[in-house]
Amino acid sequence: SGRAVGYLLVAAGQSPLADRRLLEVRQIYVRAELHGSGLADELLAAAELQARAQGLDGLWLGTSKANGRAIAFYRRNGFRVHGERVFLVDDVPNQDWVLVRLLGPEGPGRQH
């Protein structure tokens with residue numbers, strides 16, 4: 001139908017790990033009717049391929065501490081809590097977990 005079903009936005013930038021170069025997953029979105037379809041896993045795999053192509057050590061992202069569904073998804077995909085961050089939106093503090101997934105040399109897939 002020509003409609004977008006999801007998207008991924010990644011960015012090179014400052015890593016939360018001083019000794020690792022990581023690609024930030026800034027946004028990942030899949031239409032609600034496609035949750036559970038595997039599309040989000042494919043988008044993360046694309047981010048991993050991009051990180052590998054750039055010679056980076058892994059991926060990182062921030063997600064709301066209140067977003068249990070997203071946290072469970074990222075944990076299933078090998079992300080681990082590294083820390084937290086607080087940022088303001090209209091003077092309202094928002095609390096995120098900072099999650100990291102390091103890439104091993106074995107190719108695409110979850111870290112062990």
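Select from segment 7-35 the residues that are without any contact (Cβ under 8 Å) to a residue 24 or more places away in the chain and among the charged types (D, E, K, R) and write down the one among them that is nearest to Leu99 (Cα to Cα). Checking each candidate, the answer is Asp19.
Inspection of segment 45-58 identifies no residue that is surrounded by 11 or more Cβ atoms within 10 Å (Cβ to Cβ), modelled with pLDDT under 95 and either more than 17 Å from Gln14 (Cα to Cα) or within 11 Å of the chain's Cα centre (by Cα) (or both). Of all the numbered requirements in (1) at pLDDT below 95; (2) within 25 Å of Asp19 (Cα to Cα), Gly36 misses one, and that requirement is (2). Considered as a group, the residues in segment 89-102 that are at pLDDT below 95 and in contact with a strand residue (DSSP E or B) (Cβ under 7 Å, 6 or more places away or on another chain) include one that is least open to solvent (accessible area, probe 1.4 Å), and that residue is Asp96.
Among the criteria (1) open to solvent by less than 60 Å² (accessible area, probe 1.4 Å); (2) polar (S, T, N, Q); (3) part of a helix (DSSP H, G or I), the one Thr63 does not fulfil is (3).
Looking at Ala40, Ala4, Ala70, which is the one that is aliphatic (A, V, I, L, M), farther than 17 Å from Leu103 by Cβ and more than 13 Å from the chain's Cα centre (by Cα)? Please lay out each step first, then the result.
Details: Ala40 fails: more than 13 Å from the chain's Cα centre (by Cα); Ala70 fails: more than 13 Å from the chain's Cα centre (by Cα).
Just a single option satisfies the conditions, and that option is Ala4.
Taking (1) open to solvent by less than 80 Å² (accessible area, probe 1.4 Å); (2) in contact with a Ser or Thr (Cβ under 8 Å, 6 or more places away or on another chain) in turn, Gly6 satisfies each apart from (2).
For segment 16-42, filtered to residues that are under 14 Å from Phe79 (Cβ atoms) and not in a loop (DSSP other than H, G, I, E, B), the residue that is most open to solvent (accessible area, probe 1.4 Å) is Asp41.
The values are calculated or read from the model by the stated rules, or taken from the named source; none is laboratory data. Nothing here was measured: the structure is a model prediction, and the numbers come from that model. FYI the Cβ positions are ideal-geometry reconstructions off the backbone, even for glycines, and counts take in every protein chain you see. Areas reflect the complete protein model, heavy atoms only, side chains present, ligands, DNA and RNA absent. Shrake-Rupley method; radii C 1.70, N 1.55, O 1.52, S 1.80 Å.
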